[in-house]
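The block underneath contains the structure these notes are about, expressed in structure tokens.
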Amino acid sequence: MGRSLVYKRRRCGRVAEGETNLAEDPVRLDGLGYEAGGQAILSGITLHSGAQKIGVVGRNGSGKSTLSRLMAGLLKPASGTVRIEGVDVYADRRAALRTVGILFQNPEHQIIFPTVGEEIAFGLRQLGATAAEAQEQTRATLLRFDRAHWLDAPVSALSQGQKHLVCMMAVLAMQPRLLILDEPFAGLDIPTKRQLARHLDRSGARLFHISHDPADLAGYDQLYWLEQGRIIAEGPPAVLLPEFTAEMMRLGDQDDLADISA
Ligand SMILES: Nc1ncnc2c1ncn2[C@@H]1O[C@H](COP(=O)(O)OP(=O)(O)O)[C@@H](O)[C@H]1O
Ligand SMILES: [Mg+2]
């Protein structure tokens, strides 16, 4: 309880870098499109939200990972813009680094250093911290997660769930205004998912969680349904998730695995 209040105060006290317009919704996608291999992967995505926990649900291949990379400014949109807290995340990479963080499904794709402490310190150095500042902030982050004893632990000795927590700590140490989650919980058992979700909720960061699994998004404030690169519905979880689940069950009774789209 006391901990979440501390996080909240710090979040309120932060000043967004880059161009800001306080009247703007903090998450703002306008006419966003992406193409690859001559095909439209995402089209006409417009989404404005000030919700604290935003979710996107969609089946495999609907464009979720492409959307999460565009949101983090890692891909150049073919059309439209992504503005987070007033920052155009592709055009202004420096401001984007302070504004958005991203967690991928596979921690092996994210972790590059041999020890937990080095991994967390790296992101802080990227933000311009000196080695001493990064060391101090790394210790503070580990302490906040009750993991002070992980500082020199080799990442290779950790379980999959623990590796996910390292990625989460490394990203949250950078204090992003928005944390993008590209199915980071896929394949984890229920207790591990619940523990990681609790850490996320305490972090104070706005969440943009993308998943194929309705169970991941049940407690979210506002949901969007992504289908073949377009948003086809939006609404609260109590309305949208049963509709999504019914449609997935209906599709599951068919045999569309046979289709090969060239
Ligand atoms: N660089 C690319 N080149 C060609 N096709 C791509 C590329 N990136 C994604 N796609 C295609 O776009 C669709 C959406 O991919 P993706 O965003 O990974 O979906 P999801 O994460 O929902 O499974 C898929 O059909 C995928 O094959
Ligand atoms: Mg994906």
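The values are calculated or read from the model by the stated rules, or taken from the named source; none is laboratory data. On a predicted model such as this, the values are computed, not experimentally measured, just so you know. Neighbour counts run over all protein chains shown; Cβ positions are idealised from the backbone, glycine included. SASA here: full protein model, heavy atoms, side chains in, ligands and nucleic acids out. Shrake-Rupley method; radii C 1.70, N 1.55, O 1.52, S 1.80 Å.
Structure notes:
- Scanning segment 214-257 for residues that are in contact with a Phe, Trp or Tyr (Cβ under 9 Å, 6 or more places away or on another chain) and either β-branched (Val, Ile, Thr) or more than 12 Å from VAL57 (Cβ to Cβ) (or both) yields a total of 4.
- Residues that are over 30 Å from VAL116 (Cβ atoms) and open to solvent by 10 Å² or more (accessible area, probe 1.4 Å) number at least 2 in the following strands (runs of 3 or more DSSP E) confined to segment 158-262: 222-227, 230-235.
- Tally of residues being in a helix (DSSP H, G or I), more than 18 Å from ARG202 (Cβ to Cβ) and in contact with a helix residue (DSSP H, G or I) (Cβ under 9 Å, 6 or more places away or on another chain) across segment 108-135: 15
Residue by residue, here is whether (1) within 16 Å of ligand 1 (Cβ to nearest atom); (2) open to solvent by 50 Å² or more (accessible area, probe 1.4 Å); (3) at negative phi; (4) over 17 Å from the mean Cα position of the chain (by Cα) holds:
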{"residue": "GLY63", "(1), (2), (3), (4)": "yes, no, no, no"}
{"residue": "THR66", "(1), (2), (3), (4)": "yes, no, yes, no"}
{"residue": "ARG69", "(1), (2), (3), (4)": "yes, yes, yes, no"}
{"residue": "ALA72", "(1), (2), (3), (4)": "yes, no, yes, no"}
{"residue": "LYS76", "(1), (2), (3), (4)": "yes, yes, yes, yes"}
{"residue": "VAL82", "(1), (2), (3), (4)": "yes, no, yes, no"}
{"residue": "GLU85", "(1), (2), (3), (4)": "no, no, no, no"}
{"residue": "ASP92", "(1), (2), (3), (4)": "no, yes, yes, yes"}
{"residue": "LEU97", "(1), (2), (3), (4)": "no, yes, yes, no"}
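- Of all residues in segment 143-157, those satisfying the criterion of being part of a helix (DSSP H, G or I), open to solvent by 60 Å² or more (accessible area, probe 1.4 Å) and over 25 Å from GLY204 (Cβ atoms) are SER156, ALA157.
- The set of residues in segment 36-61 that are within 15 Å of ligand 1 (Cβ to nearest atom) and in contact with a strand residue (DSSP E or B) (Cβ under 6 Å, 6 or more places away or on another chain) comprises ILE41, LEU42, SER43, ILE45, GLY55, VAL56, VAL57, GLY58.
- Screening PRO114 against (1) touching a residue at least 24 places away in the same chain (Cβ under 8 Å); (2) surrounded by fewer than 16 Cβ atoms within 10 Å (Cβ to Cβ); (3) within 16 Å of ligand 2 (Cβ to nearest atom) leaves a single unmet condition, (3).
Here is a yes/no grid of residues against (1) at pLDDT below 95; (2) of a type in the set (Val, Ile, Thr); (3) surrounded by fewer than 20 Cβ atoms within 10 Å (Cβ to Cβ):
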site: VAL100; (1), (2), (3): no, yes, no
site: GLU108; (1), (2), (3): yes, no, yes
site: LEU124; (1), (2), (3): no, no, no
site: THR141; (1), (2), (3): no, yes, no
